[in-house]
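Heads up, the thing below is written out as structure tokens.
The values are calculated or read from the model by the stated rules, or taken from the named source; none is laboratory data. Since we're looking at a predicted model, the values are computed, not measured. For neighbour counting, all protein chains shown are included, and Cβ atoms are generated from backbone atoms with ideal geometry for every residue, glycine included.
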Amino acid sequence: MSLIINGDSLTRHIISHAPPHLQKLKGEAAIERALSNVDVEISSELVAKVVNRGCLSGEAMVRFFEWAIKRDEIEKRIDVYNVIVKALGRQKYFGLMLEMLSKMRARGVVADQETLFIVMDSFVKGKQVSRAIKMFMCLDEFGWECDTEALNVVLGCLCKRSYLSSASVLVKKMKGRVEFNEATHNIVMSGWSRCGNVSEFEKCLEAMVGDGFEPDSCTHSYLIECLGRAGRMDEAVDIFENLEKDGCVADICVYNAMISNFLQIGDCDGCLRYYQRMLSMKCDPNMDTYVRIIYGFLKARRVSDALEMFDEMVGSGIIPTTGTVTSFIELLSSYGPPHAMLMIYKKARKAGCSISLSAYKLLLTRLAKFGKCGMMLDLWDEIQESGYSSDVEVYQHIIIGLCNNGQLENAILVMEECLLKGFCPSRLVCSRLNNKLLTLNKVETAYKLFMKIKVARQSENARKHWRGKGWHF
């Protein structure tokens with residue numbers, strides 16, 4: 001096998017010990033032929049999983065996507081193209097992202113507002129604000145109209161990432177060129193409300209009224225939130241109490257703002273007063289209401305109240321998202337025993353909520369720390385039942401938990417399974433298990449395990465080097 005390699009001794013050593021199936025593919029045709037020979041059913045979900053892994057270069061992501069889009073199994077829909085655009089933007093391959101937009105237009109794939117949001121949010125998140133605004137000024141070149149909806153998308157991205165000055169400048173620049181609506185002003189005011197800048201909020205409010213728009217319930221909720229974050233709670237309460245006089249009815253957005261204000265200052269009882277008042281007014285709480293209250297209770301370490309509110313949320317038919325459950329478990333992992341974490345996990349799972357692998361790892365960490373081996377192993381089974389494959393972090397948590405509980409024989413079995421799968425746990429985990437074995441005078445067992453780990457670590461280091469050079473199995 002002939003390979004073009006660098007002349008350093010390390011590379012020569014690795015090549016001399018490389019398996020015969022190691023190869024570095026050259027040329028687009030060779031890569032596409034190798035991909036086509038893989039016996040895997042191609043789907044849009046698989047394409048998304050590959051490009052979102054984050055371990056490929058921009059060119060490799062585009063090459064894989066171009067090969068996949070030629071297949072009959074993949075439909076040439078805009079949502080499929082949005083996957084690669086988002087993946088490129090997330091990795092800051094902005095040039096390739098714009099090239100993909102040009103290819104889409106040439107192929108007759110019409111970009112939608114979601115595509116525009118992905119592109120603009122990628123620029124803003126990557127601190128390329130001026131580039132995002134410059135692109136917005138010439139949207140027609142990319143197949144979009146520079147209208148109110150597009151302006152609101154860009155303003156939403158800027159305000160979401162706290163580029164409020166840039167958003168205000170853009171509004172002034174586009175005044176008279178694009179027609180504004182209520183949402184245009186509300187988006188900017190939502191940004192100022194999050195940072196509690198009352199003076200800038202009032203300027204936006206004056207501009208909104210000057211354009212002939214009446215403040216709606218969203219506007220009032222942003223004003224109440226802004227005053228609360230500025231520490232002016234009395235004024236926020238006064239505005240809430242006088243809403244009816246101003247001809248506005250308090251809806252769920254307004255109540256959520258009041259609840260959030262009281263939670264921000266740590267007044268959980270005040271939060272519950274407005275929650276009960278909301279229920280008495282026949283205003284049904286939504287997901288945002290429950291999440292704010294539960295998160296506030298957890299931060300205040302009122303775990304029983306948080307669990308009660310979680311039951312109420314699930315009982316009302318509102319199923320928390322995967323990210324929401326993960327945030328609850330993450331907050332609980334910072335204090336106390338794992339009982340409350342398990343309660344949230346079991347209730348969410350029973351309600352049909354999908355649990356993330358990150359949440360499972362947090363649970364394993366706490367169970368391992370407290371030596372709850374039975375629960376930990378049951379949870380490991382549930383991880384596999386959920387369709388997740390155990391990675392090196394999962395194995396590390398299991399090994400640590402078994403070591404803490406004194407189950408060294410089982411820890412060795414898990415370690416060997418981990419090594420067989422091609423994973424190599426961290427040196428800290430390996431040394432902890434070895435030290436436990438040496439403490440019990442199991443020198444021979446410790447030595448055999450050490451040699452297995454040594455071989456596995458050498459293979460892992462070589463594999464990393466090969467992949468870093470672009471070689472593949």
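Close Cβ contacts (under 6 Å, 6 or more residues apart or on different chains) running from residues in the range 456-472 that are modelled with pLDDT under 85 to residues that are surrounded by 15 or more Cβ atoms within 10 Å (Cβ to Cβ) and assigned to a loop (DSSP other than H, G, I, E, B) comprise 471/22. Confirm whether residue 122 is of a type in the set (Ser, Thr, Tyr), farther than 30 Å from residue 245 by Cα, touching a Lys or Arg at 6+ places or on another chain (Cβ under 8 Å) and assigned to a helix (DSSP H, G or I). Yes; evaluated as a whole, the condition is true for this residue. Against the criterion of being free of Cβ contacts under 8 Å to residues at least 60 places away in the same chain, assigned to a helix (DSSP H, G or I) and in contact with a Phe, Trp or Tyr (Cβ under 8 Å, 6 or more places away or on another chain), residue 381 does not qualify.
Listed conditions (1) crowded, with 22+ Cβ neighbours inside 10 Å; (2) modelled with pLDDT of 95 or more are all met by residue 219, apart from (2). Among the residues of the range 93-109, those identified as of a type in the set (A, V, I, L, M), farther than 17 Å from residue 125 by Cα and surrounded by 12 or more Cβ atoms within 10 Å (Cβ to Cβ) are 100, 101, 104, 109. Scanning the range 144-195 for residues that are of a type in the set (Phe, Trp, Tyr), closer than 21 Å to residue 227 by Cα and not in a helix (DSSP H, G or I) yields a single hit, 163.
Restrict the check to the range 144-152 and report whether at least one residue is among the polar types (S, T, N, Q) and within 31 Å of the chain's Cα centre (by Cα). Reasoning before the result, please.
To start, the set of residues in the range 144-152 that are among the polar types (S, T, N, Q) comprises 148, 152.
Still in the running and within 31 Å of the chain's Cα centre (by Cα): 148, 152.
Yes - at least one qualifying residue is present in the range 144-152.
Checked across the range 49-72, the condition of being of a type in the set (A, V, I, L, M), surrounded by 12 or more Cβ atoms within 10 Å (Cβ to Cβ), out of contact with any Leu (no Cβ under 8 Å at 6 or more places or on another chain) and modelled with pLDDT of 90 or more holds for no residue. Can we say residue 426 is over 16 Å from residue 393 (Cα atoms) and touching a residue at least 24 places away in the same chain (Cβ under 8 Å)? Taking the combined requirement at face value, the residue does not satisfy it. Considering 160, 172, which residue is of a type outside the set (Val, Ile, Thr) and surrounded by fewer than 16 Cβ atoms within 10 Å (Cβ to Cβ)? Every option except 172 fails the conditions. Checking each residue in the range 196-227 for being assigned to a helix (DSSP H, G or I), under 28 Å from the mean Cα position of the chain (by Cα) and not aromatic (Phe, Trp, Tyr) picks out 218, 221, 225, 226.
Is it the case that some residue within the range 331-346 is buried (at least 16 other Cβ atoms within 10 Å of the Cβ), part of a helix (DSSP H, G or I) and of a type in the set (Lys, Arg)? Checked the range 331-346: no residue is buried (at least 16 other Cβ atoms within 10 Å of the Cβ), part of a helix (DSSP H, G or I) and of a type in the set (Lys, Arg). Exactly one residue among 395, 388 is under 25 Å from the mean Cα position of the chain (by Cα) and outside any helix (DSSP H, G or I), and that residue is 388.
Considering the range 4-48 alone, what residues qualify as being assigned to a loop (DSSP other than H, G, I, E, B), of a type in the set (A, V, I, L, M), surrounded by 11 or more Cβ atoms within 10 Å (Cβ to Cβ) and at pLDDT 70 or above? Selection gives 42 alone. Within the range 230-278, the set of residues being charged (D, E, K, R), in a loop (DSSP other than H, G, I, E, B), more than 30 Å from the chain's Cα centre (by Cα) and closer than 21 Å to residue 195 by Cα comprises 232 only.
Quick check on the range 433-442: of everything there that is free of Cβ contacts under 8 Å to residues at least 24 places away in the same chain and in a helix (DSSP H, G or I), which residue is farthest from residue 463 (Cα to Cα)? It comes out as 439.
Does the range 232-247 contain at least one residue that is closer than 20 Å to residue 259 by Cβ, at pLDDT below 95 and touching a Gly at 6+ places or on another chain (Cβ under 6 Å)? Yes, there is a match, as at least one residue in the range 232-247 is closer than 20 Å to residue 259 by Cβ, at pLDDT below 95 and touching a Gly at 6+ places or on another chain (Cβ under 6 Å). Within the range 222-254, being surrounded by 24 or more Cβ atoms within 10 Å (Cβ to Cβ) and farther than 17 Å from residue 200 by Cβ holds for one residue alone: 254. Checked against the criterion of being in contact (Cβ under 8 Å) with a residue 24 or more places away in the chain, out of contact with any Asp or Glu (no Cβ under 8 Å at 6 or more places or on another chain), over 25 Å from residue 395 (Cβ atoms) and part of a loop (DSSP other than H, G, I, E, B), the range 353-372 contains one or more residues that satisfy it.
Checking 263, 331 one by one, the residue that is hydrophobic (A, V, I, L, M, F, W, C) and more than 22 Å from residue 358 (Cα to Cα) is 263 and no other.
You will find that of 424, 418, 430, the residue that is within 31 Å of the chain's Cα centre (by Cα), assigned to a loop (DSSP other than H, G, I, E, B), surrounded by 15 or more Cβ atoms within 10 Å (Cβ to Cβ) and at pLDDT below 95 is 424 and no other.
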